[in-house]
Structure formats: C-alpha cells, structure tokens
Amino acid sequence: MASPAITEERGFAGRAALLVLADGRFPAGGHAHSGGAEAAVRAGRITDPVSLAAFCRGRLHTAGLTAAGLSAAAAHGHDPEALDAAADARTPSPALRAAARRLGRQMMRAARSTWPCAELDALAAAFPRGAHQPVVLGFAARAAGLGPLDAAHCVAYETVSAPATAAVRLLSLDPFKATAVLARLAPEMDRVAERAAQAAQQGIDALPAASSPLLDITAEQHAAWPVRLFAS
C-alpha cells in the first residue's frame, strides 16, 4: 500500500498533467476554432459579456455534455471504434464531424509526442483520418495518468473557453470580462463534468446525447463562408 506522501505526490502529478492537457498552449489546434462563436457573432447572438455567457452556457449543457461523456468513456478505456461511432451519431453536421476529426488528428500528434504509449499508437493506426477529438482527448488523458472525471473537466472547460477566447478577437471584447464569464460558469462546468463521468461508468449506451440544432445549422453555414477568421 502506498504511503500518504507517495499518494499525495501522485495526486499532484495528476493535477499537473491535467493543467498541461487543458492549457490553451497545448498544441492541439483548438486556437483555430471558435466553437460556433464566429457565426453567432455575425448573427448578432453574441454582442457583449452577457450574451457570451448565455452562448457558453447553452453550449456547455449540450455539445459540451455530450463531448465530455465521450471523453470520460475513452478515459475509462472503452472500445475506441464504438466510441467514435457514438461520436458520429451525436454529430449530425458534416462540417462539425470534419472539424472534430481534424482536431482529433492534431490532438493525437500532440498527445503521442507528450505521452508516448502503445495505446495511443494503436488508436492512431486504427483511425488514419483521425478519430473524433473528444475520443482522442480521453485516451490522451488516460495516457497521462488521468481519470474519466479529469477528461470530462478538460472537455467542459474547452467547450466554453474556445468561444470566450474567440469573442475577444471577434468583438475586441475586454479579456478580463471574458475570463469573468468563464469563472462564473465554473460551478456548472463541474456539474457537467460529474454528470458526464457518471454516465461513462455505465457504458457507451448510457452516454449523453444532448443536441444543439442551432450550432449544427450555423456550422454548415459557417463552412460555406468564403472568408472567415476561424476554421469552425
């Protein structure tokens, strides 16, 4: 049985790995994606911190919950092919499916360089076009020694941080106010992550499938724009 000192040291190592994985500087390609914020800004649905908070909250409880469940299940070590199929079924927009696989490829490159292991090598070989990003993130978390709840927390944060960061660039929004939006959403991020991790414990069939039709519709519109700042 490990001593309390060793257990505590492992806990801090795990927390540090989570910070690395969730860091916006982790080279997983997320900086090029707005999480639907660019289309929402053009449509007038995001104009200030209040509307940004509403957008982020809606995204967190729909697309965020769904992605967090997939990532938590991957961190459990569930079958990656079944998880990727579940991600496909939960992503009706072709544009978002393509974006998820592009991000999955980039996440895989970063994860294999950071936490090289046979499981990530096998996942990369099984999905030469790239698996869905939440699935790859979950296996990356697993390779880093993190658990399902850690993976779900990472996805929950990413779900809202991408639109908040994009809004700063798109609207010249005060970055302090954008960060305040994220801070106020922190308790909801915790609840979403916990719900996703609990569902993942029950297996793939129990994973959340919360829909966000407006995000799907605007993603298709956004993909057809001749000029755009973000990839999605």
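Coordinate-derived values only; no laboratory data. In this text the structure is predicted, and so the values were computed from the model without any measurement. As a convention, Cβ positions derive from the backbone with ideal geometry for all residues, glycine included, and neighbour counts pool all protein chains shown.
The simple spin-label model puts a point 7 Å past each Cα toward its Cβ; for Arg169 and Ala16 those points are separated by 3.0 nm.
Per-residue packing, averaged as other Cβ atoms within 10 Å, sorts the ranges 75-82, 59-66, 141-148, 224-231 into the order 59-66, 141-148, 75-82, 224-231, beginning with the highest. As an exercise, use a Förster radius of 22 Å and the Cβ-Cβ distance of Ala209 and Glu81 to find the FRET efficiency, rounded to the nearest 0.05. Once rounded, the FRET efficiency stands at 0.75. Taking Cα centre as origin and charging only the Cβ of basic (Lys, Arg, +1) and acidic (Asp, Glu, -1) residues, the dipole magnitude of the chain rounds to 600 debye. For Ser34, the residues whose modelled amide H falls within less than 5 Å of its own, excluding neighbours fewer than 5 places apart on the same chain, are Ala231, Ser232. A crude spin-label estimate for the pair Trp225 and Ala180, with each label 7 Å from Cα along the Cβ direction, gives 2.7 nm.
Backbone amide hydrogens, once placed in the peptide plane, bring Ala210 within less than 5 Å of Thr66, excluding anything fewer than 5 places away on its chain.
The string of couplings for the stretch 42-48 from the Karplus curve (6.51, -1.76, 1.60, θ = phi - 60°) is 5, 7, x, 8, 10, 10, 7 Hz, one whole number per residue in order, with x for Gly and Pro. When you count the other C-beta atoms within 10 angstrom of each residue and take the mean per peptide, 23-36, 160-173 line up highest first as 160-173, 23-36. From the alpha carbon centroid of the stretch 42-69 to that of the stretch 180-232 is 8 Å. Once backbone amide H atoms are built at 1.01 Å from N, Leu146 has no partners under 5 Å, excluding neighbours fewer than 5 places away on the same chain. Karplus-based coupling profile of the stretch 171-185, in residue order and whole Hz: 10, 6, 5, 4, x, 5, 6, 5, 5, 4, 4, 4, 4, 6, 8, with θ = phi - 60° in 6.51 cos²θ - 1.76 cosθ + 1.60 and x standing for Gly or Pro. Entry note, the stretch 35-189: relative contact order of 37 percent, from Cα contacts under 8 Å with a spacing of 6+ residues.
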